[in-house]
Amino acid sequence: MYVKITFTNGYCGCDEEIYRKFPDNWTISDIEDYGVDYLHNCYGFYEPDSRFVDEYDYETEEEYEEAYEDYQATCDFRCEDCTEEEYFDNDGEEV
């Protein structure tokens, strides 16, 4: 099963797409779990820098931490089937 997963934080230019080949016995739930793990550990914009959450914009550490968590909560992904050709054209990886 060939899948394109797009990660986003809602800001223009920050989407990342990956192409994966999943075993045929994987369920949608398995693929979503993979996406969540990738989002938290590999998506380049999941940890916000000052463009998204600047600590100097907040009066307290608690306000900053809340904004940081709110930003991460907006990060998301979507999965869609792709063709074998699209997978290979985009240097897909097998899971």
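Among the residues of the range 1-18, those identified as assigned to a loop (DSSP other than H, G, I, E, B) and either among the β-branched types (V, I, T) or surrounded by fewer than 18 Cβ atoms within 10 Å (Cβ to Cβ) (or both) are M1, G10, Y11, C12, G13, C14, D15. Which of the residues spanning the range 19-44 are touching a helix residue (DSSP H, G or I) at 6+ places or on another chain (Cβ under 7 Å) and either among the hydroxyl-bearing types (S, T, Y) or outside any loop (DSSP other than H, G, I, E, B) (or both)? Passing the criteria: Y19, K21. The residue list Y71, Y58, Y64, Y46 contains one member that is closer than 27 Å to E93 by Cα and surrounded by 14 or more Cβ atoms within 10 Å (Cβ to Cβ), which is Y46.
Looking across the range 74-90, the residues that are surrounded by fewer than 16 Cβ atoms within 10 Å (Cβ to Cβ) and either in contact with a helix residue (DSSP H, G or I) (Cβ under 7 Å, 6 or more places away or on another chain) or under 17 Å from D15 (Cβ atoms) (or both) come down to T74, D76, R78, E80, E86, N90. Is it the case that some residue within the range 19-34 is surrounded by 12 or more Cβ atoms within 10 Å (Cβ to Cβ), out of contact with any Lys or Arg (no Cβ under 9 Å at 6 or more places or on another chain) and over 17 Å from V95 (Cα atoms)? Taking every residue of the range 19-34 in turn, none turns out to be surrounded by 12 or more Cβ atoms within 10 Å (Cβ to Cβ), out of contact with any Lys or Arg (no Cβ under 9 Å at 6 or more places or on another chain) and over 17 Å from V95 (Cα atoms).
Where a number appears in this text, it was derived from the coordinates with a stated rule and is not lab data. This structure is a prediction, so every number in the text was calculated from the model and none was measured. In this analysis, Cβ positions are derived from the backbone assuming ideal geometry, glycine residues included, and neighbour counts consider all displayed protein chains.
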